[in-house]
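Asks: Just dropping this structure here.
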Amino acid sequence: VTIDFQDQDNPEVRQIYLDLAEQHYTLLVVDTRGNHANLTLEYAAIPREMRCIARFFGKEQLRQVEEDQVLQAMPDLRKSCGDRSVLRALHFFAENRRVLEQAEAIQEGRFQDFLHLVRSSGRSSWELLQNISVPSEPKNQELALALSLTSRYIRKTGEGACRVHGGGFAGTILVFLPDSSVPDYVTAIEEVYGLGAVNTLGFRSAGAMMMV
């Protein structure tokens, strides 16, 4: 599904059909087994910094601000909110556009375009949102290592996509791979992160259901 939270009391939810089996692809989640302890400040900084940009323009949410406003006010925004806030805001605008483009690509059967957008989203998370590693803990970069190893594997095979999954800083990455590439990938990654680190996921078109 896609979900638009502009109206928070009545979010817009739209179902999109995608069967990875038809594409001969598998969805994987890699548990990098990083520690989420002491990351509260890192998570809280993301919305706080984006709200700093919004409040510069007299708004409460960045969704209420236009990207061109940020670009035009960048010198003052850098002084008021800092460079990282500006970078994170630029990620926000680009990612909202990418979500719509991803949904369109899926609906139109352009699966490889969808994967390209997944890769672009992942790069933006790393470069602009900056939620892959914690600057104060340079020795612990489980997500960065997993993304780097997976990207190397994808470049070698020529197919697939990966990106951080969830809030970042620690935890999991999301991987799309051709079915034929999965066994070798699982072996390679679990040599680094341990048995059971790679989990195969599936999703069904029925959506959420109550089991009785």
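Asks: Please give the number of the condition Leu174 fails out of (1) at pLDDT below 95; (2) surrounded by 16 or more Cβ atoms within 10 Å (Cβ to Cβ).
Replies: Among (1) at pLDDT below 95; (2) surrounded by 16 or more Cβ atoms within 10 Å (Cβ to Cβ), the lone unmet condition for Leu174 is (1).
Asks: Just wondering, is there one or more residues in segment 63-84 that are surrounded by 13 or more Cβ atoms within 10 Å (Cβ to Cβ), among the aliphatic types (A, V, I, L, M) and touching a His at 6+ places or on another chain (Cβ under 7 Å)?
Replies: No; the residues of segment 63-84 include none that is surrounded by 13 or more Cβ atoms within 10 Å (Cβ to Cβ), among the aliphatic types (A, V, I, L, M) and touching a His at 6+ places or on another chain (Cβ under 7 Å).
Asks: Further question: How many residues does segment 112-127 contain that are under 12 Å from Val99 (Cβ atoms) and hydrophobic (A, V, I, L, M, F, W, C)?
Replies: So the answer is 3.
Asks: I need the full set of residues from segment 138-161 which are touching a Leu at 6+ places or on another chain (Cβ under 6 Å) and either open to solvent by 20 Å² or more (accessible area, probe 1.4 Å) or not in a loop (DSSP other than H, G, I, E, B) (or both), in order please.
Replies: Scanning segment 138-161 gives a single hit, Ala161.
Asks: A follow-up question, please. What helices (runs of 4 or more DSSP H) completely inside segment 1-83 contain at least 2 residues that are of a type in the set (S, T, N, Q) and farther than 30 Å from Glu108 by Cα?
Replies: Passing ranges, in order: 67-72.
Asks: Let me ask another. Return yes when Ala206 is open to solvent by less than 30 Å² (accessible area, probe 1.4 Å), at negative phi and small (Gly, Ala, Ser) and no when it is not.
Replies: No: the conditions fail for Ala206.
Asks: Still on this structure: So how many residues does segment 111-126 have that are open to solvent by 80 Å² or more (accessible area, probe 1.4 Å) and under 12 Å from the mean Cα position of the chain (by Cα)?
Replies: 2
Asks: So, one more: Which of the residues that make up segment 124-150 are polar (S, T, N, Q), without any contact (Cβ under 8 Å) to a residue 40 or more places away in the chain and closer than 17 Å to Ala161 by Cβ?
Replies: Ser124, Ser148
Asks: Quick one: which of Thr26, Thr2, Thr40 is hydroxyl-bearing (Ser, Thr, Tyr), at pLDDT 95 or above and closer than 28 Å to Ala144 by Cα?
Replies: That would be Thr26, the only listed residue that is hydroxyl-bearing (Ser, Thr, Tyr), at pLDDT 95 or above and closer than 28 Å to Ala144 by Cα.
Asks: From (1) open to solvent by less than 50 Å² (accessible area, probe 1.4 Å); (2) part of a helix (DSSP H, G or I), pick out the condition that doesn't hold for Ser133.
Replies: (2)
Asks: Tell me, which residue of segment 85-110 that is of a type in the set (Val, Ile, Thr) and more than 15 Å from the chain's Cα centre (by Cα) is most open to solvent (accessible area, probe 1.4 Å)?
Replies: Ile106
The values are calculated or read from the model by the stated rules, or taken from the named source; none is laboratory data. Here the structure is a predicted model, which means the values were calculated and not measured. FYI the Cβ positions are ideal-geometry reconstructions off the backbone, even for glycines, and counts take in every protein chain you see. The area values use the complete protein model at the heavy-atom level, side chains included, leaving out ligands, DNA and RNA. Shrake-Rupley method; radii C 1.70, N 1.55, O 1.52, S 1.80 Å.
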